[in-house]
Amino acid sequence: MADNLIQKPGENTWYVKLAVPRDVQRKLGVKVLVQSLKTGLRKEAMDRRLPILAAWKARIKSAREGIPLPEGWQDDISSLSAGLGQMFENQKLALVGVAAPPLPPIDPAIEARMKGNPRFVAAFEAFVKEHLKDGLAGKVRLIDEMGKSFQSTIPKLLTSRFNLSADQRVEVNEVLANPTSLKARTPITPARIKAFREFREARSTNKKHIDQQVGKMERLSKFLKDKGLPLNFDAVDEWLKSMDRAPATLGQHLMAGTAFWKWATKYDAALRDEYKDKVNPFIGHDLPQGGGAETAGQKREMYTRDDTLKLHQAALDNKDKPLADLISFGWYTGGRIEELCLLNKDSVITVEGIRCFDFPKSKSNASKRVVPIHPSLLPIVDRLCADTTDTFLIPTESADKYGKRSHAISKAFGRLRKAAGFSTLHVFHSFRHTVVTGLVRADVPTPLAKELVGHREGSVTHDVYSKGASTAQKLAAISKLPALHE
């Protein structure tokens, strides 16, 4: 029966047959699986058997590996145990005339199986008669022992149906022995976090921001679970105090919590009902002061010309020409590092006879801009356009998981800056401070300076009605920045 096909004596119909492995026969309740394929043609039978065999093998695999316990199983077991306990207490009260609910009817299949086992029936009758000899006290003892017997079957039932780890087996017994030991169960479950992620991903393409929010909720979930705390204002306050983070960072944690709360109380039916009269526990907090990096709250330093020359030479000494070129780009444009790493041959355009960088939108609408290339930067741009193998001007290693090309070269710049003796207040973004300061000190009007580096001007007149400076005006302004090399 290598093909799992059989025909019963006297029949032309083909059947598919599969022997159930011994280790799962008890869980599946059968030793052999057989199903009619409703055809007498062997060729058709060969095709029809395949999906059935696949389904059977999946059942066997599931039975062998076991089903994981569902979320909230601790509460379910505690409720079941309490219900059984109350049921048997009611029966003891009924012995002395107190009205009590009747026992639930026994499952007919279980009853038939029990009655079909003479040895079991005889043993049970003897067990009952032994207790009834002692009158009322014996009846009470009988009910108590039956209650204990039923309670003892709970772990066995769970083990037969679900795949319990060693820790879960211990926890089952702890919950049954002492229901008050059950910790508050966090409503921020893995299933809800997954649903929250899917909701956010359907409405935003900023994967990094979504990952950060989801990560914060995963850490809060673990905190609540470890502490046995419910989700409320006090628990969130304790969570904030447990983190040695700057106030701004704690504020981001609260914003992530609020995003989860708004989603949960609107789209999760169970939480919407449970928390319908509750106030958002992530609002109204007075954030702890201090914590975070030593430089938190301090302004970034700008690079002087000597600083930049030092960094540029250090990159060349390390034989890192791309990093040296990136430093030159930062000095002459004040561009954000990711913006500069995204510049390619098509980003070099000519407007009104002037060669410019066409910066795409990145951080805001103002970040999309056309900026004339500083005359001293043109030779570098020409070289990079000629040498590029992938159209990008700044060659970098593969992008990070969020698609950012600047990830590796940003790390390289950080190592270079640190080795050159600069403080953590000196970062690549400091070139923006350098360029803005240079433009201001060269008497470039503020609206034009902001236009060159991609900042909103801030006034309705400029942002709504003005079309901005001409290309020639921008070139005259950018050319006021001093040359890095004479």
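Read-outs: derived from the displayed coordinates by stated rules, not from any lab. What you see is a predicted model; the values in this text were computed from it and never measured. Cβ sites come from the backbone with ideal geometry, for glycine too, and all protein chains shown count toward neighbours.
Can you give the translational diffusion coefficient of the range 324-412 in µm²/s, computed by Stokes-Einstein from the Kirkwood radius over Cα pairs at 37 °C and 0.692 mPa s?
Stokes-Einstein gives a translational diffusion coefficient of 245 µm²/s.
Filter 216/321; 299/321; 194/404; 57/115; 17/61; 319/404 down to the pairs with a C-alpha to C-alpha distance above 28 Å, please.
Table pairs above 28 Å Cα-Cα are 216/321; 299/321; 57/115.
What's the exposure ranking of 385, 341, 356, going from fewest to most Cβ atoms within 10 Å?
If I rank by nearby Cβ atoms, fewest first, I get 385, 356, 341.
Enumerate the whole-percent occupancy of each 20 Å bin, from 0 to the last occupied one, for all C-alpha pair distances of the chain.
15, 30, 26, 19, 9, 1
Where in the range 345-450 are there trypsin sites (Lys or Arg not before Pro) that are in a DSSP coil and have at most 10 other Cβ atoms within 10 angstrom of their Cβ?
In loop regions of the range 345-450 (DSSP not H, G, I, E or B), the sparsely surrounded trypsin sites (Lys or Arg not before Pro) are 401.
Quick one: grab the alpha carbon gyration tensor of the range 5-65, order the square roots of its eigenvalues as a ≥ b ≥ c, and give me rounded if a/c is under 1.5, else prolate or oblate depending on whether a/b is larger than b/c.
Working: a/c = 3.87, a/b = 1.89, b/c = 2.05.
The shape class here is oblate.
Give me the one-decimal Kirkwood hydrodynamic radius in Å for the range 190-274, with the sum taken over alpha-carbon pairs.
When all Cα pairs of the range 190-274 are included, the Kirkwood radius is 13.5 Å.
FRET efficiency for residue 95 and residue 204, Cβ-Cβ distance as r, R0 = 45 Å, nearest 0.05?
Taking R0 as 45 Å, the efficiency between residue 95 and residue 204 is 0.10.
Hey, could you grab the Kirkwood Rh for the range 228-282? Inverse mean 1/r over distinct alpha carbon pairs, Å, one decimal.
So the Kirkwood estimate lands at 12.0 Å.
Please compute the Kirkwood hydrodynamic radius of the range 131-230 from all pairs of different C-alpha atoms, in Å with one decimal.
17.5
For the chain, give the share of DSSP beta bridges that are antiparallel, in percent and rounded to the nearest 5; count only bridges with both residues there.
95
Loop only per DSSP, at most 15 neighbouring Cβ atoms within 10 Å: give me the GluC sites (Glu not before Pro) in the range 17-76, ordered by residue number.
71
Considering the range 46-100, what Rg and Dmax in Å follow from its alpha-carbon atoms?
Calculated on Cα positions, Rg and Dmax stand at 22.0, 67 Å.
Answer rounded, prolate or oblate for the range 73-181, using the Cα gyration tensor with square roots of eigenvalues a ≥ b ≥ c: rounded when a/c is under 1.5, else prolate when a/b is larger than b/c, else oblate.
Oblate, since a/c reaches 1.5 and b/c is not below a/b.
Mind checking which of 37, 16, 60 is farthest towards the positive end of the range 5-65's charge dipole, using Cβ charges of +1 (Lys, Arg) and -1 (Asp, Glu) about the Cα centre?
60
Given +1 on the Cβ of Lys and Arg, -1 on the Cβ of Asp and Glu, and no further charges, what dipole in debye does the range 314-388 carry about its Cα centre, rounded to the nearest 20?
Charge dipole, the range 314-388, about its Cα centre: 220 debye, nearest 20.
Give me 114, 146 ranked fewest to most by other Cβ atoms within 10 Å of their Cβ, as a rough exposure proxy.
Ranked by crowding around the Cβ, least crowded first: 114, 146.
To the nearest whole percent, what portion of all C-alpha pairs in the range 305-478 is separated by more than 27 angstrom?
25
Using helices alone, I'd like the mean residue ellipticity at 222 nm for the chain: each DSSP H run of four-plus residues gives -39500 (n - 2.57), total over residue count, nearest 500.
-17500 deg cm²/dmol
In debye to the nearest 20, how big a dipole does the range 175-252 give about its Cα centre with +1 on each Lys and Arg Cβ and -1 on each Asp and Glu Cβ?
On the way: 16 positive and 9 negative charges, 55 e Å.
The dipole magnitude comes to about 260 debye.
Could you give the C-alpha radius of gyration of the range 206-246 expressed as a fraction of 2.2 N^0.38 Å, taking N as the number of residues it contains?
Expressed relative to 2.2 N^0.38 Å, the Cα Rg reads 1.25.
If the cut-off is 18 Å between C-alpha atoms, which aspartates and glutamates fall inside it for residue 133, apart from same-chain ones fewer than 8 positions away?
Reachable aspartates and glutamates: 125, 144, 145.
Among the complete DSSP H segments of the chain, which ones combine at least 15 Å of alpha-carbon extent along their axis with a mean Kyte-Doolittle hydropathy of -0.5 or more?
Both cut-offs are met by 73-95, 118-132, 135-161, 166-177, 247-267, 321-333, 407-419, 430-441.
So for 301, 218, fewest C-beta neighbours within 10 Å to most, what's the order?
Ranking 301, 218 by Cβ neighbours within 10 Å, fewest first, gives 218, 301.
How large is the dipole of the chain about the Cα centre if only Lys and Arg carry +1 and Asp and Glu carry -1, each at its Cβ, rounded to the nearest 20 debye?
Result for the chain is approximately 1340 debye, rounded to the nearest 20.
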